[in-house]
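This report refers to the structure that appears directly beneath it.
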Amino acid sequence: MPNPKSIPNAGAIDICPLDEMPEHGARGFEVAVANGELLNIIVWRDGESLRAFENKCPHLGLPLETFPDRFLSKDASTLICSAHGARFNADGLCTSGPCQGDGLTKLDVRIIGAGPRIVLEATP
Ligand code: FES
């Protein structure tokens, strides 16, 4: 499994309060990084497990969703690209579809504070 992508920024990037994430669901966010670019990301929470990926399908580079925050299969076990149906497991690996064997770019996220909040790890 490749190391998560490094995000340039002066510090951790605030995403949202933990209680704004469904306990078993995924949401999309657009975050500003240090070089002035906006990064389109998916945060996927499954109870205590939290993971994030760049929202860019390895097939054609498109965002996965057609409708806001509609990323997951009905049983919430896989991410689905709405363009051509690629399915991605919890590690971001494409398990079926036109980019099978490729993967989403993984990002480092964690939960901090008494709030608590979800933050994207960044490198100075
Ligand atoms: S762009 Fe995602 S499956 Fe084609």
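Read the figures in this text as sums done on the coordinates, not as results from a lab. Keep in mind that this is a model prediction, so the values were computed, not measured. We place every Cβ from the backbone using ideal geometry, glycine too, and count neighbours over all the protein chains shown.
Remarks
- Per-selection metrics, region 1-78 (Cα): Rg and Dmax in Å: 13.0, 38
- A cut-off of 5 Å between modelled amide H atoms, ignoring neighbours fewer than 5 places along the same chain, links Ser96 with Arg87.
- Distance between the modelled labels on Leu50 and Gln100, one decimal in nanometres: 3.5 nm (7 Å Cα→Cβ projection).
- Paramagnetic label reach from Phe67 (point 7 Å along Cα→Cβ; backbone nitrogen cut-off under 16 Å): within region 4-39, residues 26-28.
- Efficiency of FRET between Ala83 and Ile112 - r from beta-carbon atoms, R0 41 angstrom, step 0.05: 0.75
- Each residue of region 27-43 was assigned a 3J(HN,Hα) from its phi angle through the Karplus curve 6.51 cos²θ - 1.76 cosθ + 1.60 (θ = phi - 60°); the sequence is 9, x, 9, 10, 10, 8, 10, 4, 7, x, 7, 9, 10, 8, 10, 10, 10 Hz, with glycine and proline shown as x.
- Sites matching trypsin sites (Lys or Arg not before Pro) across region 1-85 that sit in DSSP coil, with at most 10 neighbouring C-beta atoms within 10 Å: Lys74
- Gaussian network model of the chain, springs between alpha carbon atoms under 10 Å - residue of Asp46, Asp19, Asp102 with greatest fluctuation: Asp19
- Among Ile42, Ile112, Ile15: highest mean-square fluctuation, GNM of the chain, C-alpha pairs under 10 Å: Ile112
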